[in-house]
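Peer 1: My questions all concern the structure below.
Derivation of every value follows stated rules applied to the coordinates shown; laboratory data play no part. The structure presented is a predicted model; accordingly, all values stated were derived computationally and were not measured. Cβ atoms come from the backbone with ideal geometry, glycine included; neighbour counts cover every protein chain shown.
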Amino acid sequence: MSDACCNVPQPPTGISYRGVLWIALVANVVMFLIEVVAAVWSGSSALAADAADFLGDSANYALSLGAIALGGAWIPRVALLKGMAMSVYGVAVLAYAGWRAWLGAPPEAITMGVVGLLALAVNFAVAVMLYRFREGDANMRSVWLCTRNDVIANLLVLVAAAGVFGTATVWPDVGVAAILAVLGLSSGRIVVRQARAELSS
């Protein structure tokens, strides 16, 4: 197959892209630890979902750094693995949200709001740094989609916190967790499809 048919963008090899990935990796590990504690403290399934997302993104950034170092066919292979992981994350969050709905106890809204604001600030900063890499290969696309989803997720956590505060029920929290799960499933499907296309080209 000719190069014209296989015009797959290549990731930047300079320090800029790798530097952004390292910053994103450290920021996501720190936020994962913060949100795990906050989720346990507040009883929020939305925060737990966001914490799991931070953990997944930490692995995402680490795998992306490894894929760049290995190069070649490893880039779409790693992207395929990440797409599958995003889908598994979506299913797991749906299950956890269902369990919290069955318990019926509303989470602590103030903790949700404060931690949600902190997470939004971190993810927005990372998204701004990664924006110019959003149209690359499957690996780069997966990184951008995860980061974009994180910003959306943080905004939804804030909506959930406001809803819990206003209604004193678990349903805004569970509803947002379910939305985050669907978003993860959708993004996982996009990444898997592009990675398979690059592997078959």
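Peer 1: Over all Cα pairs of the stretch 121-184, how is the pair count split among 5 Å bins, expressed in % and running from 0 up to the last occupied bin?
Peer 2: So the P(r) values, bin by bin, are 4, 19, 22, 17, 16, 11, 7, 4, 1.
Peer 1: Which whole-number percent is the relative contact order of the chain (Cα, under 8 Å, 6+ apart)?
Peer 2: That works out to 32 percent.
Peer 1: Same structure again: Before rounding to the nearest 500, sum -39500 (n - 2.57) across all DSSP H runs of length at least 4 in the chain and divide by the residue total; then give [θ] at 222 nm in deg cm²/dmol.
Peer 2: Using -39500 (n - 2.57) per qualifying helix, the result is -29500 deg cm²/dmol.
Peer 1: Something else: With just the Cα atoms defining each centre, how far is the stretch 186-201 from the stretch 16-66? Give it in Å.
Peer 2: Cα centroid to Cα centroid, the span is 23 Å.
Peer 1: Run the dipole for the stretch 15-200 about the Cα centre, Lys and Arg Cβ at +1, Asp and Glu Cβ at -1, nothing else charged, and hand back the magnitude in debye, nearest 20.
Peer 2: For the stretch 15-200, the charge dipole is close to 540 debye.
Peer 1: Let me understand the chain better: what is its radius of gyration from the alpha carbons, and its Dmax, in angstrom?
Peer 2: 17.5, 61
Peer 1: Taking +1 at the Cβ of each Lys and Arg and -1 at the Cβ of each Asp and Glu, which of Ala197, Val159, Ala178 sits farthest along the dipole of the stretch 134-201 towards its positive end, judged by Cα position relative to the Cα centre?
Peer 2: Ala197
Peer 1: A further question on this structure: Arrange Tyr89, Tyr17 by Cβ neighbour counts within 10 Å, fewest through most, would you?
Peer 2: Starting with the residue having the fewest Cβ neighbours, the order is Tyr17, Tyr89.
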